[in-house]
Amino acid sequence: MEDCYKILGVRHDATAAEIKRAYRKKAKQFHPDATQKESSEEFRRLVAAYEILSDARQRNIFDESYYMRHTSGRRSSADSFDYRKWLSARNDEESRAKLIFFDLMHDREDDAVAEFKRMCMNHASFRLSNWFTREDFMDFGFILSEELVLRQEYYDAVILLGQIIQMEYSYQYFRLFFPEVKELARHVLRNDIEGSVSDELAIDAWEQALDLRFGKHDDIFFLQKMAAAYERIGDPRTARICREEALRLEQ
């Protein structure tokens with residue numbers, strides 16, 4: 001049995017977020033669609049390693065049956081400098097943004113989501129993308145979006161996903177994994193937004209979705225949903241405009 005951690009290029013104490021990011025990066029190198037070759041041995045090994053390490057039960061079995069016999073044990077997390085404590089003591093937006101991604105990468109997903117929600121609520125201009133490279137923001141922003149969806153924080157998830165999708169349109173990074181990003185946003189917009197937030201926020205999410213290139217049928221759906229929401233909040237004029245635009249697209 002091969003060392004799954006070595007194949008993915010991560011430490012043996014890597015978090016789920018780090019494993020997922022490493023897999024996406026390497027898959028873009030070895031995937032047949034990217035290399036224009038038949039499925040390579042490297043790609044098959046990569047997929048097999050990821051399937052093991054991305055499943056908690058399989059990863060535990062792997063650690064017990066193989067990895068612990070080939071190493072001296074897990075690396076101590078003790079450190080002379082507590083980076084998280086240092087970030088937590090600071091109130092500037094850069095430090096709070098870095099704290100969110102630090103927690104996301106160190107099995108503190110609940111803390112990461114809570115801090116992200118707090119910053120968005122208290123700082124209208126707060127954007128994680130201001131403080132990271134494009135690649136880091138897109139990788140960990142997508143993982144954070146998944147965590148938000150799991151906690152039914154649908155509006156924050158689709159706004160974050162929208163930022164990532166627009167970045168991908170301006171410069172391809174996700175490439176092979178981009179359909180996964182779009183499908184998550186599409187699913188939430190079609191199935192979860194309505195009823196989970198106010199009509200005003202739902203309208204805002206659907207309006208932004210019209211710029212994300214989901215396609216004509218989805219745009220018609222969003223416009224119809226917007227029309228119904230505008231009716232509920234007492235704006236029949238805008239509701240009529242939305243319906244007329246939906247009808248135009250249907251022709």
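The values are calculated or read from the model by the stated rules, or taken from the named source; none is laboratory data. As the structure is a computational prediction, the values presented were derived from the model and not from experiment. Every residue, glycine as well, gets a Cβ built from its backbone with ideal geometry; the counts of neighbours run over all protein chains shown. Remember, those area values only see protein heavy atoms, side chains included, never the ligands or the DNA or RNA. Shrake-Rupley method; radii C 1.70, N 1.55, O 1.52, S 1.80 Å.
Assuming residue 230 fulfils every condition listed in (1) at pLDDT 95 or above; (2) open to solvent by 50 Å² or more (accessible area, probe 1.4 Å) apart from one, which condition is it?
Of the numbered conditions (1) at pLDDT 95 or above; (2) open to solvent by 50 Å² or more (accessible area, probe 1.4 Å), the odd one out for residue 230 is (2).
For residues that are at pLDDT 95 or above and in contact with an Asp or Glu (Cβ under 9 Å, 6 or more places away or on another chain), tally how many sit in segment 166-180.
Selection size over segment 166-180: 1.
Quickly run through segment 1-19 and pick out the residues that are open to solvent by 40 Å² or more (accessible area, probe 1.4 Å) and either under 17 Å from residue 42 (Cβ atoms) or in a loop (DSSP other than H, G, I, E, B) (or both).
Hits for segment 1-19 are 1, 2, 6, 9, 11, 13.
When you check residue 136 against the structure, is it assigned to a helix (DSSP H, G or I), over 25 Å from residue 231 (Cβ atoms) and of a type in the set (D, E, K, R), yes or no? Spell out the reasoning first.
On the way: assigned to a helix (DSSP H, G or I): yes; over 25 Å from residue 231 (Cβ atoms): yes; of a type in the set (D, E, K, R): yes.
So residue 136 fits the description; yes.
In segment 152-198, how many residues are part of a helix (DSSP H, G or I), of a type in the set (Asp, Glu) and open to solvent by 40 Å² or more (accessible area, probe 1.4 Å)?
Filtering segment 152-198 for residues part of a helix (DSSP H, G or I) gives 154-170, 175-191.
Next, from what is left, pick out any that are of a type in the set (Asp, Glu): 156, 168, 180, 183.
Within this subset, residues satisfying the condition of being open to solvent by 40 Å² or more (accessible area, probe 1.4 Å) are 180, 183.
Total meeting the criteria: 2.
Just checking, which of 44, 90 is touching a helix residue (DSSP H, G or I) at 6+ places or on another chain (Cβ under 8 Å), open to solvent by 60 Å² or more (accessible area, probe 1.4 Å), among the basic types (Lys, Arg) and modelled with pLDDT of 75 or more? Walk me through how you get there before you give the answer.
Working: 44 fails: touching a helix residue (DSSP H, G or I) at 6+ places or on another chain (Cβ under 8 Å).
So the residue among 44, 90 that is touching a helix residue (DSSP H, G or I) at 6+ places or on another chain (Cβ under 8 Å), open to solvent by 60 Å² or more (accessible area, probe 1.4 Å), among the basic types (Lys, Arg) and modelled with pLDDT of 75 or more is 90.
Identify the single condition in (1) in contact (Cβ under 8 Å) with a residue 24 or more places away in the chain; (2) surrounded by fewer than 16 Cβ atoms within 10 Å (Cβ to Cβ); (3) farther than 30 Å from residue 206 by Cβ that residue 135 does not satisfy, given that it satisfies every other one.
(3)
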